[in-house]
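The block underneath contains the structure these notes are about, expressed in structure tokens.
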Amino acid sequence: MDSQPDDTGIPEAMEAPERRRFLKTAALGLAGASLAPAVWAQGSPDAPPPIPDWMKIPGADTAANPYGLPSLHEGHVVRKLSVAKQAQSASSRTPLEKLDGILTPNGLFYERHHAGVPDIDPAQHRLMVHGLVERPLVFSMADLRRFPSVNRIHVLECSGNQNFSYKDKVTAGDIMGLVSCAEWTGVPLRTVLEEAGIKPGAKWVVAEGADAAAMTRSIPLEKCLDDVLLVYSQNGERLRPEQGYPLRILVPGYEGNMSVKWLRSLQLREEPIYSREETSKYTDLMPDGTAREFTFVMEAKSIITYPSGGQKLDGPGFHEISGLAWSGSGKIERVEVSTDSGQTWTDARLQGPVLPICMTRFRHAWQWDGTPTTILSRAIDETGYVQPDLQTILDARGRNSTYHNHAIQPWIINENGKVSNALA
């Protein structure tokens, strides 16, 4: 029987006795963890707290922040900057362990730049469509916004996410923070290409960015006519400059470098352009010195975000394991969780919505007995692909590869409840 999750994370198809058993287990776990409401008497330590100061005086003026900001108490929830050789060629990682749900706030969406963030005037920005087309065209942003638009929720992941160096990688964000998920608004690329007219022989679309690096990637025409978008908004507002304002291409399921930001040119060609980003970079070196090229699709992946590295369990009893799973090949079908170092695996609950090429939140009720252990998760997507362990990837590709590591991430929990990276 198919088991579709509802908004509570409990599958709708779960039989009534099974639902009651799940709720009973959770309730017993909560009771065991001393989370039940305290019984209090006047003057006892468990008495209600005094009236706080913020209830005694009016709060801030509604107009104090014309653009809304997070609470000052959440000021620690920020991206972690990673600088290469210079600040203009850098990345910043999403703090996955500090987020709920599946959408990444725009201010925490991961970044990767090769020549800094350009300051582009949208009124002057243009998109050229040329090459093997019937009618070479130049679009303003106003022109593009006149086309019928769509909204889609998709995950975006850098192919260098979770690289093969685990040294000094403590948190979930440290390890896999070059991935984020958003609702994107824009025009299907197919619409614009059909407006220009596609000539016979065209098989590739070369996207070029308007940054100083002139980022250039070749995308198969078949993919462009399928689900690729020309995006101008993210999570309901215009793109942030670091996300490609005023226009980027979004290639769902493919490595993030192909979703070229600050998009200025689309050239239709018979062959790929073999740019720097398709030869010396973004290819996977194999043990024999050859390289895998055009490994576009980001494979199925998952990570437990609670409990995860840098966190600490507050004692034995009930804990809800939670994490994220995604796949560039479609929907997440299942996520399995192990709480005994991989000896046994149990299906986690998938919390809706479960969408193609999108983050899926999974949850698993767990009673920790206080003994040290290792917890893991592995994703299975709708194609049947199963997320592998690190040794399986190393056996196949050796240690020369930099990109496309999608190995299972284990977390060690010691007797004090402290959680650490098992691969560090």
(message) What's the total number of residues in the range 156-201 that are surrounded by 24 or more Cβ atoms within 10 Å (Cβ to Cβ) and free of Cβ contacts under 8 Å to residues at least 12 places away in the same chain?
(response) 0
(request) Identify all residues within the range 325-352 that are in a loop (DSSP other than H, G, I, E, B) and free of Cβ contacts under 8 Å to residues at least 24 places away in the same chain; write none if there are none. (result) Gln343, Thr344
(message) Given the options Glu271, Glu277, Glu208, name the one that is in a loop (DSSP other than H, G, I, E, B), under 30 Å from Asn400 (Cβ atoms), open to solvent by 10 Å² or more (accessible area, probe 1.4 Å) and of a type outside the set (A, V, I, L, M).
(response) Glu271
(message) Conditions first: (1) farther than 15 Å from Val419 by Cβ; (2) assigned to a loop (DSSP other than H, G, I, E, B); (3) touching an Asp or Glu at 6+ places or on another chain (Cβ under 9 Å). Gly310 passes all but one, so which condition is the exception?
(response) (1)
(request) Please determine, by comparing only the residues of the range 280-291 that are in contact (Cβ under 8 Å) with a residue 12 or more places away in the chain and assigned to a strand (DSSP E or B), which one is surrounded by the fewest Cβ atoms within 10 Å (Cβ to Cβ). (result) Leu285
(request) Identify the residue in the range 304-334 that is aliphatic (A, V, I, L, M) and surrounded by fewer than 24 Cβ atoms within 10 Å (Cβ to Cβ) and, among all such residues, is nearest to Tyr282 (Cα to Cα). (result) Ile321
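Is it true that Gln367 is assigned to a strand (DSSP E or B), at pLDDT 95 or above and not hydroxyl-bearing (Ser, Thr, Tyr)?
yes
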(message) For the list (1) of a type in the set (Gly, Ala, Ser); (2) modelled with pLDDT under 95; (3) touching a Lys or Arg at 6+ places or on another chain (Cβ under 7 Å), I need the number of the one condition that Ser165 fails.
(response) (3)
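Scan Arg238, Arg349 and give me the residue that is farther than 26 Å from Phe164 by Cα, in contact with a helix residue (DSSP H, G or I) (Cβ under 9 Å, 6 or more places away or on another chain) and open to solvent by 30 Å² or more (accessible area, probe 1.4 Å).
Values: Arg238 fails: in contact with a helix residue (DSSP H, G or I) (Cβ under 9 Å, 6 or more places away or on another chain).
From the options Arg238, Arg349, the qualifying one is Arg349.
Identify, please: which residue in the range 143-155 is among the charged types (D, E, K, R) and over 18 Å from Met258 (Cβ atoms) and is, among those, most open to solvent (accessible area, probe 1.4 Å)? Explain how you work it out, then say what you get.
The first filter runs over the range 143-155 and keeps only residues among the charged types (D, E, K, R), leaving 143, 145-146, 152.
Pick out the ones that are also over 18 Å from Met258 (Cβ atoms) and you get 143, 145-146.
Values: Asp143: 59, Arg145: 105, Arg146: 202 Å².
Filtering first and then ranking leaves Arg146.
Just checking, how many residues over the range 74-117 are assigned to a loop (DSSP other than H, G, I, E, B) and at pLDDT below 95? Explain how you work it out, then say what you get.
Taking the range 74-117 as the starting set, the residues that turn out to be assigned to a loop (DSSP other than H, G, I, E, B) are 75-79, 87-88, 94-95, 99-105, 109-110, 113-117.
In the following step, the residues that additionally are at pLDDT below 95 were identified as 75-79, 87-88, 113-117.
Count: 12.
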(message) Taking the condition of being in contact with a Lys or Arg (Cβ under 9 Å, 6 or more places away or on another chain), outside any strand (DSSP E or B) and touching a residue at least 24 places away in the same chain (Cβ under 8 Å), how many residues in the range 370-388 meet it?
(response) 2
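I'd like the full set of residues that are buried (at least 19 other Cβ atoms within 10 Å of the Cβ) and either in a loop (DSSP other than H, G, I, E, B) or free of Cβ contacts under 8 Å to residues at least 60 places away in the same chain (or both), limited to the range 355-364. Lay out the reasoning, then the answer.
As a first pass, look at the range 355-364 and keep what is buried (at least 19 other Cβ atoms within 10 Å of the Cβ): 356-364.
Scanning the range 355-364 gives Pro356, Ile357, Cys358, Met359, His364.
For Arg264, indicate whether it is open to solvent by 60 Å² or more (accessible area, probe 1.4 Å), of a type outside the set (A, V, I, L, M, F, W, C) and either under 15 Å from Lys223 (Cβ atoms) or modelled with pLDDT of 95 or more (or both). Write out each step before concluding.
Working: open to solvent by 60 Å² or more (accessible area, probe 1.4 Å): yes; of a type outside the set (A, V, I, L, M, F, W, C): yes; either under 15 Å from Lys223 (Cβ atoms) or modelled with pLDDT of 95 or more (or both): yes.
Spelling it out, Arg264 is indeed open to solvent by 60 Å² or more (accessible area, probe 1.4 Å), of a type outside the set (A, V, I, L, M, F, W, C) and either under 15 Å from Lys223 (Cβ atoms) or modelled with pLDDT of 95 or more (or both).
The values are calculated or read from the model by the stated rules, or taken from the named source; none is laboratory data. Please read these numbers as outputs of a predicted model, since none were measured by experiment. Backbone-built Cβ (ideal geometry, glycine too); neighbour counts: all protein chains shown. Ligands, DNA and RNA are excluded from the accessible area calculation, which covers all protein heavy atoms including side chains. Shrake-Rupley method; radii C 1.70, N 1.55, O 1.52, S 1.80 Å.
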